[in-house]
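The values are calculated or read from the model by the stated rules, or taken from the named source; none is laboratory data. Keep in mind that this is a model prediction, so the values were computed, not measured. Please note: Cβ atoms are built from the backbone with ideal geometry, for glycine as well, and neighbour counts cover all protein chains shown.
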Amino acid sequence: MVSRARQWGVIGGAVLLLFVGFFISFKAQAGTSSAPMRHAPLLVTDDVLKDADTYTADWLMWSKNYRGNRFSPLNQINRQNVKRLVPKWCFSLGTHGSQQSTPLVHNGTMYVTSTQGKIFALDAETGEMLWEFDSKLPDDATKYGPDANRGAAIYKDKIYWNNIVCTLFCLNAKTGEVIWKVTPEYYRLGYSKTFAPLIVKGMVVTGIGGGEWGIRGYVEARDAETGKRKWKTYTIPAPGEPGHETWPKDSDIWQHGGAPTWITGSFDPDLNTIYWTTGNAGPWHGADRPGDNLYTCSLLALDADTGKIKWHYQFVQHDEWDYDSNVTPILTELDGTPVVVVANKTGFMWVLDRRNGKFLKGVKVSETTKDFWAKGLDAQGRPIVEEWARPKVGAKERVFVAPSALGTCNWWGMAFDPRRQWVILVANETGNNLVWDPIPYVPVQEFVGTSEKEPFAEATKRTAEKPGRVCAYDLKTMKKVWEAQPEWEVRWGGPLVTGGDLVFTGTMRGYLQALDAETGKTLWQFQTGSGIMAHPVTYAVNGKQYIAIVSGKGGVANPASLSLDFFKYMKNHNSSGMVFAFGLP
């Protein structure tokens, strides 16, 4: 017969084991101590935007903060419990095409844009629509630019947003009513706006798209209260301005030379400097524009008050490959030095001193070796171009060059884990056949100069069996730390890093994935029903963390393209736009 003392000892031991088990389970679910969930004030002032990282429950701008790092410290959802993640709500945008919006979230309200010139306000906890604004695009709006929109900006009690035909709207954040609007450019000349504005010191800072239509790029700032222009800086210098000597003399090609500015920049309040990247030179063939062609394919450091160019760094000299550098720069510190980090279409990543643009170091991030366009970077960080890689005018045989014009890294490409100082890259391995023909500038016509014997999309091929990659690079060593399981298709879904040691990103096959931020291992995925071409965000409402993503493929990834080499494994043909929000049960 077991003694009463022994019985109580057994019971006590069992209780202790249960307690220990519960503690271990709780700790595993929590990962680390829970990050505070703090909302921004109702009026989103300049100081609030400067301190955006402290308002962990909100997502107040395109890249989460002025540093452009797409990092949130929220960790209620973490690598221990992410397998329990479930859909909480979904919302139909009611539009088709390439959905590329990064939602804003402020005090429980989500603002999300879509194709076809629309923006919505949703209850971020339930998905209920609060208001909708339709800018009513003209029938030919997308003839001159891609039907895509990447998001909005918030300032005080207003929402700022561009549509594809270049109209900048200031809307009442609670009602969606128009307070003011301006249309600075005529879209039928090829100008377009597809990106989220950046709010800096009471100004709405925007750029312009249309690099294939003979535009002259620029960045401009407008007063947030009135819409009145404060400054405008062209990205191709006029005669007499520094850099104009990099364009041919006695030619007006500089007026149509491209350097579009179609992705949102970053801002350093301490240096009072806006960092904005530029795109391709126009036309694509370079026979009529000898020289480096500043400031195409460059990073510009702009004085926030005046727009004056403080310094520039050109990633591609005399671009003939459509190697845009339209990415959001990442601002961080490295060994006490303030740096700016850019990885772009070229297959390289650069680290520059953000005070003066001095090249510090760079690394090739493309895995493609055969047919790669450059031998490496020289001591100044300039690509050492393989001469065979330059397209020949009127050549009978096309030149196959990697990366393709789709690029290794593109506008969706980067996030940054500040705890580890790791850059998270979404990259692809593709190349394309190139041959250029001379072309005169004609208004309202594409200004590219590419032979029509083989359509561009059909000339683009994968250079790896599985071309879509997500990888992490240590900024200190410039070495790759991990790479996730490669995708059968290219990846155009951007990355998000969280305090829960997770990287969220989407695939063209329609999956939103959660990767272990330490190893890159896939921990969870959910099929959204259409390809993902947007960035995920995270936020909190009433003490609960959410992950949100906009789903819906389009653009190059249209049904007619699914037979192409880099889409041959895709099964999801539908392109309906949806917003999904996920949380723990």
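Points worth noting:
- For the range 245-286, a tally of residues being surrounded by 16 or more Cβ atoms within 10 Å (Cβ to Cβ), assigned to a loop (DSSP other than H, G, I, E, B) and touching a residue at least 60 places away in the same chain (Cβ under 8 Å) returns 15.
- Qualifying positions in the range 134-151 - of a type in the set (Asp, Glu), surrounded by fewer than 18 Cβ atoms within 10 Å (Cβ to Cβ) and either at pLDDT below 95 or more than 26 Å from Ala581 (Cα to Cα) (or both): Asp139, Asp140
- Number of residues in the range 394-421 that are part of a strand (DSSP E or B) and touching a residue at least 60 places away in the same chain (Cβ under 8 Å): the value is 7.
- Single unsatisfied condition, Arg38 versus (1) at pLDDT 95 or above; (2) more than 18 Å from Gly500 (Cβ to Cβ); (3) of a type outside the set (Ser, Thr, Tyr): (2)
- Qualifying residues in the range 287-337 (those that are in a loop (DSSP other than H, G, I, E, B) and of a type in the set (Asp, Glu)) - the one farthest from Gly258 (Cα to Cα): Asp335
- Residues (crowded, with 24+ Cβ neighbours inside 10 Å and among the basic types (Lys, Arg)) located in the range 331-378: Lys345, Arg354
- Output for the range 270-287, where each listed residue is over 9 Å from Gly211 (Cα atoms) and either touching a Phe, Trp or Tyr at 6+ places or on another chain (Cβ under 8 Å) or aliphatic (A, V, I, L, M) (or both): Leu271, Thr273, Ile274, Tyr275, Thr278, Trp284, His285, Gly286, Ala287
- Qualifying residue in the range 352-367 (condition: over 25 Å from His312 (Cα atoms) and at pLDDT below 95): no
- Answer residue from the range 293-322, given it is polar (S, T, N, Q) and closer than 27 Å to Gly494 by Cβ and is surrounded by the fewest Cβ atoms within 10 Å (Cβ to Cβ) among those: Gln314
- Some residue of the range 225-232 being charged (D, E, K, R), farther than 19 Å from Arg150 by Cα and assigned to a loop (DSSP other than H, G, I, E, B): yes
- When the range 493-528 is limited to residues that are at pLDDT below 95 and over 13 Å from Ile549 (Cβ atoms), the one that is surrounded by the most Cβ atoms within 10 Å (Cβ to Cβ) turns out to be Met508.
- Residue in the range 113-133 that is aliphatic (A, V, I, L, M), outside any strand (DSSP E or B) and either out of contact with any Ser or Thr (no Cβ under 7 Å at 6 or more places or on another chain) or crowded, with 19+ Cβ neighbours inside 10 Å (or both) present: yes
- Of the residues making up the range 254-288, those that are within 21 Å of Lys392 (Cα to Cα) and at pLDDT 95 or above are Gly257, Gly258, Asn280, Ala281.
- Selected residue [closer than 30 Å to Val165 by Cα, part of a helix (DSSP H, G or I) and of a type outside the set (Ser, Thr, Tyr)] from Glu458, Glu446: Glu458
- Test: Thr477 is part of a strand (DSSP E or B), among the polar types (S, T, N, Q) and out of contact with any Phe, Trp or Tyr (no Cβ under 6 Å at 6 or more places or on another chain): no
- Of all residues in the range 323-330, one or more are crowded, with 24+ Cβ neighbours inside 10 Å and without any contact (Cβ under 8 Å) to a residue 60 or more places away in the chain.
- Which listed residue, of Asn81, Asn75, is at pLDDT 95 or above, at negative phi and over 24 Å from the mean Cα position of the chain (by Cα): Asn81
- Of the strands (runs of 3 or more DSSP E) lying entirely inside the range 483-536, those containing at least 3 residues that are in contact (Cβ under 8 Å) with a residue 60 or more places away in the chain and within 20 Å of the chain's Cα centre (by Cα) are 496-498, 502-506.
- Residue in the range 141-148 that is touching a strand residue (DSSP E or B) at 6+ places or on another chain (Cβ under 6 Å) and assigned to a strand (DSSP E or B) present: no
- Filtered by the rule that a residue be surrounded by 18 or more Cβ atoms within 10 Å (Cβ to Cβ), among the hydrophobic types (A, V, I, L, M, F, W, C) and under 17 Å from Thr206 (Cβ atoms), the range 160-179 gives Trp161, Ile164, Val165, Cys166, Leu168, Phe169, Cys170, Leu171.
- Single unsatisfied condition, Glu177 versus (1) in contact with a helix residue (DSSP H, G or I) (Cβ under 7 Å, 6 or more places away or on another chain); (2) without any contact (Cβ under 8 Å) to a residue 24 or more places away in the chain: (1)
- Some residue of the range 395-411 being closer than 23 Å to Asn149 by Cα and surrounded by fewer than 21 Cβ atoms within 10 Å (Cβ to Cβ): yes
- Residue check for Glu429: free of Cβ contacts under 8 Å to residues at least 60 places away in the same chain and of a type in the set (Asp, Glu): no
- Residue match in the range 325-336 (condition: more than 26 Å from Ile236 (Cα to Cα) and in contact with a Phe, Trp or Tyr (Cβ under 7 Å, 6 or more places away or on another chain)): yes
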